[in-house]
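Asks: Let me give you the structure first, and then I'll get to my questions.
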Amino acid sequence: MSEVQKIRILRIINRFNLGGPTYNAAYLTKHIGNEFETKLIGGIKDDSEASSEYMLEQIGVEAQIIPEMKRSISFDDVEAYKNISKIIQDFNPHIVHTRIKAGTLGRLAAVSWGSRYSTHFLRTCFPFLFRKAYHRLLQND
């Protein structure tokens with residue numbers, strides 16, 4: 001009897017600072033369902049920011065931290081890209097779910113690696129932008 005292969009989802013967020021992206025990615029990772037295998041990775045918070053790592057521990061989500069991935073754009077991004085590429089090679093995700101800067105690095109790494117599978121990309125942007133645009137569409141009806 002052959003085992004059904006789980007769909008692998010790699011979530012990449014810019015950094016584990018206290019805020020909505022960490023909550024979103026952590027709760028999706030925790031509660032998506034047993035038919036998926038998920039991995040959450042992200043960069044370090046800025047010195048001026050509060051950490052969200054305690055929240056990951058509270059809900060039981062393991063995350064891999066990439067120290068070179070930071071808020072600001074720098075030469076460290078090259079190392080972050082290499083780390084993400086290695087993670088993609090090892091994990092071989094079917095879906096790469098990204099946000100903002102992490103999305104650029106993640107998509108570049110996934111495309112350059114050439115997954116054995118057809119990798120799909122899901123990018124989450126600022127939801128408040130959609131809310132405003134959606135509200136305008138409703139007013140124009």
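Asks: Which condition number does residue 4 fail, the rest of (1) modelled with pLDDT of 90 or more; (2) open to solvent by 50 Å² or more (accessible area, probe 1.4 Å); (3) aliphatic (A, V, I, L, M) being met?
Replies: Here residue 4 meets the rest and fails (1).
Asks: Okay, next question. Select from region 50-67 the residues that are at pLDDT below 90 and in a loop (DSSP other than H, G, I, E, B) and list them in ascending order.
Replies: Answer for region 50-67, where residues must be at pLDDT below 90 and in a loop (DSSP other than H, G, I, E, B): 50, 52.
Asks: Anything in region 19-39 that is open to solvent by 80 Å² or more (accessible area, probe 1.4 Å) and either within 18 Å of residue 84 (Cβ to Cβ) or outside any helix (DSSP H, G or I) (or both)? List them, or say none.
Replies: If the condition is that a residue be open to solvent by 80 Å² or more (accessible area, probe 1.4 Å) and either within 18 Å of residue 84 (Cβ to Cβ) or outside any helix (DSSP H, G or I) (or both), then 34, 35, 37 are the ones that fit.
Asks: Filter region 74-90 down to residues that are more than 13 Å from residue 12 (Cα to Cα), of a type outside the set (Lys, Arg) and in a helix (DSSP H, G or I), then give me how many there are.
Replies: 6
The values are calculated or read from the model by the stated rules, or taken from the named source; none is laboratory data. What you see is a predicted model, and the numbers here were worked out from it, not measured in a lab. Ideal geometry is used to build each Cβ from the backbone, glycine not excepted, and the neighbour counts take in all protein chains shown. Just so you know, the surface numbers come from the protein's heavy atoms only, side chains and all, with ligands and any DNA or RNA stripped out. Shrake-Rupley method; radii C 1.70, N 1.55, O 1.52, S 1.80 Å.
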